[in-house]
Amino acid sequence: MTQPNDLLPEGLEDRLPLEAARITAAMRACLAVLESHGYDRVRPPLLEFEASLAGRMAGVAGGEGRAMFRFVDPASLRTLALRSDMTPQVGRIAATSLRNAPRPLRLAYSGDTVVIKASQLDPARERLQLGAELIGADTVAAASEAVMLAIEALKAAGLTGISVDFTLPDLVDTLAEKAFPLASEQIEAVRRELDTKDAGGLRSAGGAAYLPLLYATGPFDKALAALRDVDAGGALKSRLDGLEAIATSIGDAARITLDPTERHGFEYQSWFGFTLYAEGLRRAAGRGGTYRIAGTDEPATGFTLYLDRLADVAPQPEAAPLVWLPLGYDRAAATALRASGARTLAQLAEGEDPVALGCTHILEGDALVELAPRA
C-alpha cells in the first residue's frame, strides 16, 4: 500500500527494470562509440562550490546557474550547488587538471543532472546527460567530427530516422556588425522576432533587412542557397562554406535541415550549432556546437545526448537467460555460466518458484535444462 511519504517530488520518477535496461544499454552503446574514437571518460562530482559552478554556467550555459539547487556545506560553511549541466564541469577540468594536456583534447562524460524547475515542454527535473567535448578546436573539421560522432552514437543506441538541424547562433550579431547594421538596443528585439518567425514584428523592430532569414529554412540545400542570397557583402561566406563542408562530411548518414536563426538551447554556442532528432522522439535527442570555455576562452566543440529521452524509443535489449540455481547447486558450473554471459538466481529457501521469479532455465548438476513456461 502506498504511503503519503512514498510519493516522489514533481518531475522525478523511478526507472523500473525494463526502462532502466534500455537506458543502461543506450548509455553503454554511446560511450563505446565515444571511446572507440579516442574520447577519454571523465567523471566530475555531483556537487561543487556554487561560486565556481554558477560562474562557469553563467558563462557557458546561458544563465543555467539559476536552475541549480543550492545548500550550505557543513564542512566548509560555503554554499554548494547540485549540477544542472555537466558541460561546464568538463570545461573546468580541461582548464585546470588537464590544462597541460596536448590539444585537441577529447573528453567524454555521462551522469545525472537536476534542475529546480523544469519547462512545460520537458517536465523532467532529473536528466541523464551523456556527451563529448573536443577541447582546443572549433573549426569545420572539429564540428564535422562532433556531428558525425553524435549520429554514430545515436545509431549505436538503436535509434533510426536520424536528422540534424543546423543553426548559426551568432548570425544576427554577425550581420548587425556591418551587412545589416543595428543599434545595440535593436539587436535583442530583432532576435526575438526572428525566434517567433514574426515578419510584422521584425519590420516594427527595425529588422526589415532580416526578413529573408525567415524563409532560409528547411531542407539543407534549398535553405543554404536562400541564405547565400542573403549574404550581403560576403559577411557570411566563411560560415556558409563551413556548413556546406560539414553537410558533405555527413553525406547520407542523416537527413540535414537548416534553421539559421534558431536560438533555443544555443545561448552559449559561437558560430555553429546543431540539434539531433530521431524517429519516434517528440523532442530533441541532443544538441551541440562550437563554444568558448568560460574563464579561459579556449575554443571547444561538443554535444550532449539526452539518454532518458533516447530510452523512450531505443529497442529493448535482449535479456540473457536467467538460470535457477537450486539448493546445493554446483558452484563451478554456475561460475562458468556467468562467465559465458548468463544470469543466475540462487535459491535461498524451500518453496521458491523459479518460473514465477522469471527463470528460463535450471542448473541440474552441470547441465542446463530449459524450464517450461507456465500457461
message = Suppose the filter is farther than 30 Å from P102 by Cβ, under 22 Å from the mean Cα position of the chain (by Cα) and assigned by TED's automatic domain parsing to the domain that holds A157; does L31 pass it?
response = no
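Say we look at segment 113-139 and pick out the residues that are in a strand (DSSP E or B) and in contact with a Ser or Thr (Cβ under 6 Å, 6 or more places away or on another chain); which of these is surrounded by the most Cβ atoms within 10 Å (Cβ to Cβ)?
At the first step, the residues of segment 113-139 found to be in a strand (DSSP E or B) are 113-114, 126-135.
With in contact with a Ser or Thr (Cβ under 6 Å, 6 or more places away or on another chain) added as a condition, the list becomes 113, 127, 129-131, 134.
Numbers: T113: 21, R127: 21, Q129: 20, L130: 23, G131: 29, L134: 27.
Looking at the filtered set, the residue picked out is G131.
Can you confirm whether segment 94-101 contains a residue that is farther than 19 Å from L307 by Cα, among the β-branched types (V, I, T) and surrounded by 14 or more Cβ atoms within 10 Å (Cβ to Cβ)? Steps first, please.
First, the residues of segment 94-101 that are farther than 19 Å from L307 by Cα: 94-101.
Restricting the remaining residues to those that are among the β-branched types (V, I, T) gives 96.
Narrowing further to those that are surrounded by 14 or more Cβ atoms within 10 Å (Cβ to Cβ): none.
For segment 94-101, residues farther than 19 Å from L307 by Cα, among the β-branched types (V, I, T) and surrounded by 14 or more Cβ atoms within 10 Å (Cβ to Cβ): absent.
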key: Residue list for segment 6-32, filter: in contact (Cβ under 8 Å) with a residue 40 or more places away in the chain and of a type in the set (A, V, I, L, M)   = L12, L18, A21, I23, A25, A26, M27, A29, L31, A32
message = If S110 meets every condition in (1) at pLDDT 95 or above; (2) outside any strand (DSSP E or B) apart from one, which number is that one?
response = (2)
message = Could you check segment 228-276 and list, in sequence order, the residues that are part of a helix (DSSP H, G or I), modelled with pLDDT of 95 or more and either in the same structural domain as L159 (by TED's automatic domain parsing) or touching a strand residue (DSSP E or B) at 6+ places or on another chain (Cβ under 8 Å) (or both)?
response = G242, L243, I246, A247, I250
inquiry  = Can you tell me which of (1) assigned to a helix (DSSP H, G or I); (2) over 27 Å from A247 (Cα atoms) is the one D173 doesn't meet?
reply    = (2)
request  = Could you please let me know if A51 is surrounded by 15 or more Cβ atoms within 10 Å (Cβ to Cβ), assigned by TED's automatic domain parsing to the domain that holds L149 and of a type in the set (G, A, S)?
outcome  = no
query = Going through segment 282-310 one residue at a time, which ones are over 19 Å from S144 (Cα atoms), basic (K, R) and either over 12 Å from the mean Cα position of the chain (by Cα) or not in a helix (DSSP H, G or I) (or both)?
reply = R282, R283
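Out of S36, S119, S144, S97, I need the residue that is of a type in the set (S, T, Y) and more than 28 Å from I256 (Cβ to Cβ). Which one? Write out each step before concluding.
Working: S36 fails: more than 28 Å from I256 (Cβ to Cβ); S119 fails: more than 28 Å from I256 (Cβ to Cβ); S144 fails: more than 28 Å from I256 (Cβ to Cβ).
Answer to the check: S97.
When you scan segment 167-193, how many residues do you find that are without any contact (Cβ under 8 Å) to a residue 60 or more places away in the chain and not small (G, A, S)?
Start the filter on segment 167-193 by keeping residues that are without any contact (Cβ under 8 Å) to a residue 60 or more places away in the chain, which leaves 173, 176-190, 192-193.
Among the residues that remain, those that are also not small (G, A, S) are: 173, 177-178, 180-182, 185-188, 190, 192-193.
Result for segment 167-193: 13.
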request  = For residues that are touching a Lys or Arg at 6+ places or on another chain (Cβ under 8 Å) and assigned to a helix (DSSP H, G or I), scanning just segment 202-227, find the one that is farthest from P181 (Cα to Cα).
outcome  = L214
remark   = A356: passes all of (1) surrounded by 14 or more Cβ atoms within 10 Å (Cβ to Cβ); (2) not in a strand (DSSP E or B) but (1)
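Return yes or no: is A132 touching a Leu at 6+ places or on another chain (Cβ under 9 Å), of a type in the set (G, A, S) and free of Cβ contacts under 8 Å to residues at least 60 places away in the same chain? Quick ask: steps written out before the conclusion?
Details: touching a Leu at 6+ places or on another chain (Cβ under 9 Å): yes; of a type in the set (G, A, S): yes; free of Cβ contacts under 8 Å to residues at least 60 places away in the same chain: no.
Here the answer is no, as A132 does not meet what is asked.
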request  = Output the number of the condition that P88 fails; it satisfies all remaining conditions of (1) part of a strand (DSSP E or B); (2) touching a residue at least 40 places away in the same chain (Cβ under 8 Å); (3) out of contact with any Pro (no Cβ under 8 Å at 6 or more places or on another chain).
outcome  = (1)
key: segment 282-299 - residue that is among the aliphatic types (A, V, I, L, M) and in contact with a strand residue (DSSP E or B) (Cβ under 9 Å, 6 or more places away or on another chain) and, of those, surrounded by the fewest Cβ atoms within 10 Å (Cβ to Cβ)   = A284
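Any idea which residue in segment 26-57 is modelled with the highest pLDDT, counting only those that are part of a helix (DSSP H, G or I) and in contact with an Asp or Glu (Cβ under 8 Å, 6 or more places away or on another chain)? Spell out the reasoning first.
Taking segment 26-57 as the starting set, the residues that turn out to be part of a helix (DSSP H, G or I) are 26-36, 50-57.
With the extra rule that they be in contact with an Asp or Glu (Cβ under 8 Å, 6 or more places away or on another chain), the set shrinks to 33, 57.
Values: V33: 98, M57: 73.
For segment 26-57, the residue satisfying everything is V33.
The values are calculated or read from the model by the stated rules, or taken from the named source; none is laboratory data. The shown structure was predicted, so the numbers you read here are calculated from the model rather than taken from an experiment. Backbone-built Cβ (ideal geometry, glycine too); neighbour counts: all protein chains shown.
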